[in-house]
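The values are calculated or read from the model by the stated rules, or taken from the named source; none is laboratory data. Remember, predicted model here, so these are calculated numbers, not experimental data. Positions of Cβ are backbone-derived with ideal geometry, glycine not excepted, and every protein chain shown enters the neighbour counts.
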Amino acid sequence: MKNASTGVQLALTLWFVGTGIVPAAGHAAEDWSTPFQLLGRETAPGTKNKFPFIDDRSFEASYLNMPVFVARGAAPGPTLCLAAGIHGDELNGVEVARRAFAEIDPKDLRGTVIALPAINAEGVRTGNRYLSDRRDLNRSFPGSAGGSVASIIAYAVFTKIIKNCNALIDLHTASNNRANVPQIRADLSIPAIHDLALHFGLGIVVNGGGPDGSLRGEAAQAGIAAIIYEAGEPLRFEEDEIDRGMRGVHNVMAYLDMTDNAVQKTADDRVYQRSKWVRAARGHGGFFFPMAKLGDLIKEGDTLGKVVDPLTDEAFNVVSPLDGEVIGVAVPQPVLSGYGLFHLAWHESD
């Protein structure tokens, strides 16, 4: 038995080295015949489990608690984590995580899937992007045990869950009355993250390390292959974006050899090195009416939309400063100077 166990450990080590993904701390050489331990709960090989993050019924726990889903494969493999609902109003990602986990058969799974489908559970229930302390959780990682509510939650999630991950998919939508074309954002300078992003198979990948305090940025710094899926609008469930997200999760699982499925990539992968927001110019506030749509390929000088001052009837054209693709757009609404109207992505050589 000892020699067999050593052989499994060696095989796992070679597999991780081959994919460029580093084994999660404390799980590289574990005995797969024993239950997976997380937050004081056990999940046996070939089974699934659901439980609260905090086993507490206190007043605070009702605001801080979140569901935790674990699927432990019958055979050894990596640990993939799905994070969703960091922003409580971004519902597509919540449903991607829930449905993707529901479809997993742990008897056919190699490795472990941990899903946090509603990290900001109170925000998901109330449609609030932010936490009860009015802070952005996705600017609070890795957090601290003695900070604000956002910092405490970030610290607990990062230290107790995320550090168990070999790979992480953070699931989001656009924010603040905007919509995003389905896209992966990833730090393409890191080979393991680059490969994970491309094997999601979505078609559009935008390079970037993420803002300070973001989950994927901090996870990448901790050596975890982390990408973010952005698709659709907040405060609604959109079936097309949910289906794409689920296919992407299945593709990642296949790429990581966690399942026997084939990776189903799109035929027109588009990798963009740069992106920027075109904002309402100073003094050009008013009612915004877009003309360009998500996914449009535009040229420098193209009119993307207009802003009309409702008091003077003066119209201001919003003009593209470059050649690129529209990957995000604000919905028609009143806007003030500096408001992000169109998110454009382009190739480094353009």
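For segment 252-266, give me each residue that is free of Cβ contacts under 8 Å to residues at least 60 places away in the same chain and assigned to a helix (DSSP H, G or I).
A254 - this is the single residue of segment 252-266 that is free of Cβ contacts under 8 Å to residues at least 60 places away in the same chain and assigned to a helix (DSSP H, G or I).
Listed here are the residues, each with its yes/no results for (1) assigned to a loop (DSSP other than H, G, I, E, B); (2) buried (at least 16 other Cβ atoms within 10 Å of the Cβ); (3) at pLDDT below 95; (4) within 19 Å of the chain's Cα centre (by Cα).
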| site | (1), (2), (3), (4) |
| --- | --- |
| E241 | no, yes, no, yes |
| H250 | no, yes, no, yes |
| D268 | yes, no, yes, no |
| K276 | no, no, no, no |
| A281 | yes, no, no, no |
| F288 | no, yes, no, no |
| A292 | yes, yes, no, no |
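Could you tell me whether any residue of segment 204-212 is more than 30 Å from A150 (Cα to Cα) and surrounded by 19 or more Cβ atoms within 10 Å (Cβ to Cβ)?
Yes, segment 204-212 contains at least one residue that is more than 30 Å from A150 (Cα to Cα) and surrounded by 19 or more Cβ atoms within 10 Å (Cβ to Cβ).
Please go through segment 52-76 and give me each residue that is in contact with a helix residue (DSSP H, G or I) (Cβ under 8 Å, 6 or more places away or on another chain), under 16 Å from P35 (Cα atoms) and aliphatic (A, V, I, L, M), ordered by number.
A71, A74, listed by residue number.
Can you tell me how many residues in segment 146-173 are closer than 18 Å to A225 by Cα and touching a residue at least 24 places away in the same chain (Cβ under 8 Å)?
Residues that pass the stated criteria total 15.
From the list A226, A219, exactly one residue is assigned to a strand (DSSP E or B), surrounded by 21 or more Cβ atoms within 10 Å (Cβ to Cβ) and out of contact with any Ser or Thr (no Cβ under 8 Å at 6 or more places or on another chain). Which is it?
Of the residues listed, the single one that is assigned to a strand (DSSP E or B), surrounded by 21 or more Cβ atoms within 10 Å (Cβ to Cβ) and out of contact with any Ser or Thr (no Cβ under 8 Å at 6 or more places or on another chain) is A226.
Filtering segment 177-187 down to residues that are in contact with an Asp or Glu (Cβ under 9 Å, 6 or more places away or on another chain) and either without any contact (Cβ under 8 Å) to a residue 12 or more places away in the chain or not charged (D, E, K, R) (or both), which residue is nearest to L256 (Cα to Cα)?
The qualifying residue nearest to L256 (Cα to Cα) is I184.
Out of all the residues in segment 83-93, is one or more within 16 Å of G232 (Cβ to Cβ), in contact with a strand residue (DSSP E or B) (Cβ under 6 Å, 6 or more places away or on another chain), among the aliphatic types (A, V, I, L, M) and modelled with pLDDT of 95 or more?
Yes, segment 83-93 contains a residue that is within 16 Å of G232 (Cβ to Cβ), in contact with a strand residue (DSSP E or B) (Cβ under 6 Å, 6 or more places away or on another chain), among the aliphatic types (A, V, I, L, M) and modelled with pLDDT of 95 or more.
Looking at this structure, is V319 touching a His at 6+ places or on another chain (Cβ under 9 Å) and surrounded by 12 or more Cβ atoms within 10 Å (Cβ to Cβ)?
For V319, the condition - touching a His at 6+ places or on another chain (Cβ under 9 Å) and surrounded by 12 or more Cβ atoms within 10 Å (Cβ to Cβ) - is not met.
Does A83 qualify as being surrounded by 17 or more Cβ atoms within 10 Å (Cβ to Cβ) and closer than 23 Å to A222 by Cβ?
Considered against the rule, which asks whether it is surrounded by 17 or more Cβ atoms within 10 Å (Cβ to Cβ) and closer than 23 Å to A222 by Cβ, A83 comes out as yes.
When the residues of segment 188-207 are filtered to those that are of a type outside the set (A, V, I, L, M, F, W, C) and in a helix (DSSP H, G or I), which remaining residue is farthest from N261 (Cα to Cα)?
Within segment 188-207, the match that is farthest from N261 (Cα to Cα) is P191.
I need a count of the residues in segment 186-203 that are modelled with pLDDT under 95 and buried (at least 22 other Cβ atoms within 10 Å of the Cβ).
1
Of all residues in segment 322-350 being under 28 Å from the mean Cα position of the chain (by Cα) and under 13 Å from A281 (Cβ atoms), which is surrounded by the fewest Cβ atoms within 10 Å (Cβ to Cβ)?
Looking at residues that are under 28 Å from the mean Cα position of the chain (by Cα) and under 13 Å from A281 (Cβ atoms), I get G338.
Anything in segment 34-50 that is surrounded by 15 or more Cβ atoms within 10 Å (Cβ to Cβ) and among the basic types (K, R)? List them, or say none.
R41, K48
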